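Q: One structure is given below, represented as structure tokens, and several questions about it will come after.
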Amino acid sequence: MAGFRYYDIGPVDLTMIPHPSVTLLLDLTERGIVHNGPGGAVAGNAIIGLRAGALRITSAGVGEVLQIRLSPVVAAAILRDTEIIGGTVTPLPQLWGGSAAILTERLRSTPSWDDRFALTGAFLRSRAPGKFAVAPELAYAWDQTVRTRGQLRIETIATETGWTRQRLWAHFRTRIGVSPKHASDLVRFDHAAHLLAAGRSPADAAVEAGYADQSHLHRRTRAITDLTPTLVATAPWLAIDETAWPTG
């Protein structure tokens, strides 16, 4: 989880770079946040699925947002809705109804971010069953995808799990809503995007992230975000990522 407070008195308009996780955004202001994605505009609290693409976040001015990132494996347990996990943007009340509104009001009346995180963590744990929602083989496959930054062949991952490629593909589809290839693409792009944000050239980022060349990275970046690598490198949402989600 991470908390964001923005102070602009004018309209806020940010591009949210895709990330290989399911993201929950809790709007802690009265002004309202609008999420403009492939499926149209969604206002207020929202769930950002694995196919959201480059989402634009707009608001009228000063506000606060609590952002939660869930790995698809964890999301399968907490959200328990494949279409939402592998989808674009879903209003949070569609999943949790009035409970989402109650949580938001409690968070708004709680000034401390640490206390807000504790409240949110307790809420999420109350939504999770007392058992795994996915097979251990699928959890292992996801961990390997992340560990190798999307560069391990799907056939190799399947062999390591003891499953066939077809079975692994089917479990990805039915449990987290996307194919193993889409998951690998997101993980690989995320690595490249952070290299770009750190100041690496598109050519260097392409090589380190496992793309064939700079043109390949450019094509995949446009397909995933509708932006060029240069614009991705300067995206405000990505620029603050290391501060909000330190890797150390």
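The values are calculated or read from the model by the stated rules, or taken from the named source; none is laboratory data. Because the structure is a prediction, the values reported are computed rather than measured. Cβ: placed from backbone, ideal geometry, glycine included. Neighbour counts: every protein chain shown. All accessible areas refer to the heavy atoms of the entire protein, side chains included, with ligands and DNA or RNA removed. Shrake-Rupley method; radii C 1.70, N 1.55, O 1.52, S 1.80 Å.
Q: If a residue must be surrounded by 21 or more Cβ atoms within 10 Å (Cβ to Cβ) and either over 16 Å from the mean Cα position of the chain (by Cα) or among the acidic types (D, E) (or both), how many such residues does the stretch 181-194 contain?
A: 1
Q: Scan the stretch 88-118 for residues that are touching a Leu at 6+ places or on another chain (Cβ under 8 Å) and more than 26 Å from P18 (Cα to Cα) and report the count.
A: Residues that pass the stated criteria total 3.
Q: Applying the selection to the stretch 208-230, what residues are more than 20 Å from K181 (Cβ to Cβ), in a helix (DSSP H, G or I) and in contact (Cβ under 8 Å) with a residue 24 or more places away in the chain?
A: P229, T230
Q: Find the residue count for the stretch 27-66, including only residues that are in a strand (DSSP E or B) and either open to solvent by less than 40 Å² (accessible area, probe 1.4 Å) or among the acidic types (D, E) (or both).
A: The qualifying residues number 17.
Q: Scanning for something within 22 Å of the chain's Cα centre (by Cα), of a type outside the set (A, V, I, L, M, F, W, C) and surrounded by fewer than 20 Cβ atoms within 10 Å (Cβ to Cβ), does the stretch 152-170 turn up at least one residue?
A: Within the stretch 152-170, none of the residues are within 22 Å of the chain's Cα centre (by Cα), of a type outside the set (A, V, I, L, M, F, W, C) and surrounded by fewer than 20 Cβ atoms within 10 Å (Cβ to Cβ).
Q: Which of the residues belonging to the stretch 209-244 are of a type outside the set (S, T, N, Q), surrounded by 14 or more Cβ atoms within 10 Å (Cβ to Cβ) and under 17 Å from R149 (Cα atoms)?
A: Residues satisfying the conditions are A209, G210, Y211, L217, R220, I224.
Here is a yes/no grid of residues against (1) more than 30 Å from E64 (Cα to Cα); (2) hydrophobic (A, V, I, L, M, F, W, C):
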| position | (1), (2) |
| --- | --- |
| S112 | no, no |
| S126 | no, no |
| A139 | yes, yes |
| I154 | yes, yes |
| T161 | yes, no |
| T164 | yes, no |
| P180 | yes, no |
| S184 | yes, no |
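Q: Would you be able to tell me the number of residues in the stretch 96-134 that are outside any helix (DSSP H, G or I) and not β-branched (V, I, T)?
A: Number of matching residues: 10.
Q: I've got another one for you. Are there any pairs with C-beta distances below 7 angstrom linking a residue in the stretch 82-109 that is within 18 Å of N36 (Cα to Cα) to a residue that is open to solvent by 40 Å² or more (accessible area, probe 1.4 Å), with the two at least 6 apart or on different chains, and if so which?
A: Once the first residue is within 18 Å of N36 (Cα to Cα) and sits in the stretch 82-109, its partners that are open to solvent by 40 Å² or more (accessible area, probe 1.4 Å) give I84/L95; G86/R51; G87/R51; T88/P38; T88/G39; T88/R51; V89/G39; P93/A101.
Q: Another one. Spot the failing condition for R147; the list is (1) open to solvent by less than 70 Å² (accessible area, probe 1.4 Å); (2) over 22 Å from T15 (Cα atoms); (3) not β-branched (V, I, T), and only one is missed.
A: Looking at each condition in turn, R147 falls short on (1).
Q: OK, next. Which count do you get for residues in the stretch 67-95 that are at pLDDT below 95, open to solvent by less than 40 Å² (accessible area, probe 1.4 Å) and part of a strand (DSSP E or B)?
A: Total meeting the criteria: 3.
Q: Mind telling me which of the residues P202, P236 ends up being at negative phi and without any contact (Cβ under 8 Å) to a residue 60 or more places away in the chain?
A: Just a single option satisfies the conditions, and that option is P202.
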